[in-house]
Amino acid sequence: MPTATIKYHKREWTVESGMTVRAAIEKIGLDPYAVLALRDKKLINDQTIIEPGDEIRLVNVISGG
Amino acid sequence: MKCAKCGGVAVIGMPQHRLNLCAEHFAEWVPSMVQRTIERYAMFTPNERILVAVSGGKDSLSLWEILVRLGYQTEGLYINLGITHEDYSDNSQRYAEAFAASHNLRLHVVNVRETYGQAIPDLARARKRGARACSACGTVKRHIMNRVAYEGGFAAIATGHQVDDEAATLLQNVLRWQAGYLLRQAPVLPSTHPKLARKVKPLCHLYERETAAYALVRGIEFVDQECPFSVNAKTIFYKGILNQLERRSPGTKMQFYLSFLQAREEGLFRREAPEVELAACRRCGQPTTAEELCAFCRLWETAPRAQSE
């Protein structure tokens, strides 16, 4: 099964490619409203389909103020 | 997902606006939203000097960059709170300084420990209320922002509060019906004393997600660390709850906040009370509702090794 990697802070997950970024974020238990996704250091929308071998970095968008 | 303006690949979807935008058009849309907000609430004019309070985070650095792009006269203020856990304060300062240097902007830096003898963690310990460091921090930041704004002759202090911050604060205040706080929550807090600077929140119509996306799209480097004192902060908890509502019904956060502002405008929270007289604090001279010392100076009274200003 082709896979991709998602990194967030010091954590890392392997997910199946072919699903949307949003579905992957939900699958690893994060709130899609609380993070943004970058691929190759560029912002991607959460409906983007994850390709095999993708390395996606998530950035937290919620701060305590 | 396609950009509504050019049909290119969108980098962000904003269901509450029914709008998807590519990087280029999103980077144009955000400043136009901020400009409209500044005008809608008559926050300030291009002829006035604005002090932008920056923390090194995504919201305040985006705000500063947007105001510069819009042609406003700005200088920044970074307050080093002396939070040494994981080098938090010094690291945040480096981001603020790097931003100012790369944009050729003036940044004022006030180091709380160097100026007042102690830092926020010391104050929190002295009060034996470690979990309430945020309240001491707020008092210290408000005092220093006001002092620097007054001494520097700035017309207003701009902060990076966005819809998520405002809606979370609102939810907390509504849950306890804090009428006093509700009265004071607004996009513009006018100056009520010659020594009290006007406070404005030009990002108050943008979601936090959008200010973060803007920073990423514009290549603004910001500190990604969370303040160690805010890790379990109520604000983050309330933001999570509001985001759950937002997922079910896009636009809920914005509606909650804007409806409140409208209700406030219509006098729903107005009290029939006399205007509070402000007097000069006996120690620092800043306006206060207290009879002798302001909240900031009282804070140092309780700290064993406090130094006067």
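Return the ratio Rg/(2.2 N^0.38 Å) for the range B:235-290, where Rg is computed over Cα atoms only.
That ratio works out to 1.82.
Would you kindly calculate the translational diffusion coefficient of the range A:8-65, applying Stokes-Einstein with the Kirkwood radius from alpha carbon pairs, for 20 °C and a viscosity of 1.002 mPa s, and quote it in µm² s⁻¹ without decimals? Walk me through the numbers on the way to the answer.
On the way: Rh = 11.6 Å.
My calculation gives 184 µm²/s for D.
Would you tell me the mean number of C-beta atoms belonging to other protein chains that fall within 10 Å of each C-beta in B:7-18, as a whole number? Mind showing how you got there, number by number?
Numbers: counts 0, 0, 3, 5, 8, 5, 4, 0, 0, 0, 0, 0.
Across the residues of B:7-18, the mean count of other-chain Cβ atoms within 10 Å is 2.
For the protein assembly as shown, what proportion of DSSP beta bridges, expressed in % and rounded to the nearest 5, is antiparallel?
Working: 24 of 45 bridges.
Restricted to the protein assembly as shown, the bridges split so that about 55 percent are antiparallel.
Work from the charge dipole of the range B:29-138 (Cβ charges, +1 for Lys and Arg, -1 for Asp and Glu, about the Cα centre) and give the residue of B:Ala42, B:Ala124, B:Leu81 farthest towards its positive end.
B:Ala124
By a straight-distance test (C-alpha under 26 Å), which lysines pair with B:Lys199 as possible cross-link partners, with residues fewer than eight away in the same chain excluded?
Straight-distance partners of B:Lys199: B:Lys58, B:Lys141, B:Lys234, B:Lys239, B:Lys253.
Mind listing the phi-derived Karplus ³J(HN,Hα) values for the range B:276-290, rounded to whole Hz, using 6.51, -1.76 and 1.60 with θ = phi - 60°, and x for any glycine or proline?
Rounded to whole hertz, the list is 6, 6, 9, 10, 7, 4, 5, 9, 9, x, 6, x, 8, 8, 6.
Could you sort A:Asp46, B:Asp224 by accessible area so the largest value comes first, with the probe set to 1.4 Å? Don't skip to the end; give the middle numbers.
Details: A:Asp46 30, B:Asp224 60 Å².
The most accessible residue leads, giving B:Asp224, A:Asp46.
Note down the relative contact order for chain B as a percent, whole number, built from C-alpha pairs under 8 angstrom at least six residues apart.
Values: 475 pairs, mean separation 61.4, N = 309.
Taking the mean separation of contacting Cα pairs over the length of chain B, I get 20 percent.
Leaving ligands, DNA and RNA out of it, work out the accessible area of B:Arg298 with a 1.4 Å probe and give it in Å² to the nearest 10.
Its accessible surface works out to 110 Å², give or take rounding.
List the relative contact order of chain A as a percent without decimals, with contacts defined as Cα pairs under 8 Å and 6+ residues apart. Walk me through the numbers before you get to the answer.
Details: 119 pairs, mean separation 26.6, N = 65.
Worked out over chain A, it gives 41 percent.
Taking the Cα-to-Cβ direction at A:Asn60 and at A:Arg39 and moving 7 Å from each Cα, how far apart do the two end points lie in nm?
Computed distance between label sites A:Asn60 and A:Arg39 equals 2.5 nm.
Rounded to the nearest 10 degrees, what's the angle between the helix B:163-175 long axis and the longest principal axis of chain B, both from Cα atoms, 0 to 90?
60
With charges set only on the Cβ (+1 for Lys and Arg, -1 for Asp and Glu), what does the dipole of the range B:5-71 come to about its Cα centre, in debye to the nearest 20? Before the final figure, lay out the partial values.
On the way: 7 positive and 6 negative charges, 29 e Å.
Value, rounded to 20: 140 debye.
Using a 10 angstrom cutoff on alpha carbons, build the Gaussian network for chain B and name the most mobile of B:Val30, B:Val148, B:Val174.
Highest fluctuation among the options: B:Val174.
Considering the Cα positions of the range B:139-283, please state its Rg to one decimal place and its Dmax as a whole number of Å.
Expressed in Å, the Cα Rg and Dmax of the range B:139-283 come to 17.1, 52.
Tell me the Rg and the Dmax, in Å, that the Cα atoms of the protein assembly as shown produce.
According to the Cα coordinates of the protein assembly as shown, Rg and Dmax are 21.4, 72 Å.
For the peptides B:13-22, A:26-35, B:198-207, what is the packing order when you average, over each peptide's residues, the other Cβ atoms within 10 Å and list the highest mean first? Walk me through the numbers before you get to the answer.
Details: B:13-22: 18.0, A:26-35: 16.1, B:198-207: 24.5.
So the peptides B:13-22, A:26-35, B:198-207, ranked by packing, come out B:198-207, B:13-22, A:26-35.
Count, for each residue of A:52-64, the Cβ atoms from other chains sitting within 10 Å of its Cβ, then give me the mean as a whole number.
Numbers: counts 0, 0, 0, 0, 0, 0, 0, 7, 5, 14, 11, 21, 16.
Per-residue shielding by partner chains comes out at 6.
Across peptide B:144-156, what mean number of C-beta atoms from other chains lies inside 10 Å of a residue's C-beta?
Numbers: counts 0, 0, 0, 0, 0, 0, 0, 0, 0, 0, 0, 0, 0.
Average neighbour count from other chains, rounded to a whole number: 0.
I need to check one value: relative contact order of the range B:88-153, counting alpha carbon pairs closer than 8 Å and at least 6 residues apart, in percent.
Details: 21 pairs, mean separation 10.8, N = 66.
Contact order relative to length: 16 percent.
To the nearest 0.05, how large is the calculated FRET efficiency for A:Met19 and B:Glu291 if R₀ is 56 Å and r is the Cβ-Cβ distance?
Values: r = 63 Å, r/R0 = 1.13.
Using R0 = 56 Å, I get an efficiency of 0.35.
Where is the GNM fluctuation largest for chain B (alpha-carbon springs, 10 angstrom cutoff): B:Arg218, B:Arg184, B:Arg248?
Answer for the Gaussian network model of chain B: B:Arg248.
With Kirkwood's inverse mean 1/r over C-alpha pairs for Rh, give me the Rg to Rh ratio of the range B:1-72, two decimals please. Walk me through the numbers before you get to the answer.
Details: Rg = 14.1 Å, Rh = 13.6 Å.
Answer for the range B:1-72: 1.04.
Over the range B:62-180, what portion of Cα pair distances is larger than 25 Å, expressed as a whole percent? Show your work: numbers first, answer last.
Numbers: 2381 of 7021 pairs.
When all Cα pairs of the range B:62-180 are counted, 34 percent exceed 25 Å.
Using only the alpha-carbon atoms of the range B:198-276, report the extent along each of the three principal axes, biggest first, to the nearest angstrom.
Answer, in whole Å and largest first: 47, 34, 28 Å.
Given the DSSP H assignment, sum -39500 (n - 2.57) over each helix run of at least 4 residues in chain B and divide by its residue total; what's the result at 222 nm in deg cm²/dmol, nearest 500? Intermediate results must be reported in sequence, preceding the final value.
Values: 12 runs with 141 residues, N = 309.
Taking each H run of at least 4 residues, the total per residue is -14000 deg cm²/dmol.
The values are calculated or read from the model by the stated rules, or taken from the named source; none is laboratory data. What you see is a predicted model; the values in this text were computed from it and never measured. Methodologically, a virtual Cβ is constructed for each residue, glycine included, from the backbone with ideal geometry; neighbour enumeration extends over all protein chains shown. For the accessible areas, the whole protein counts, side chains as well, though only heavy atoms, and no ligand, DNA or RNA atoms are used. Shrake-Rupley method; radii C 1.70, N 1.55, O 1.52, S 1.80 Å.
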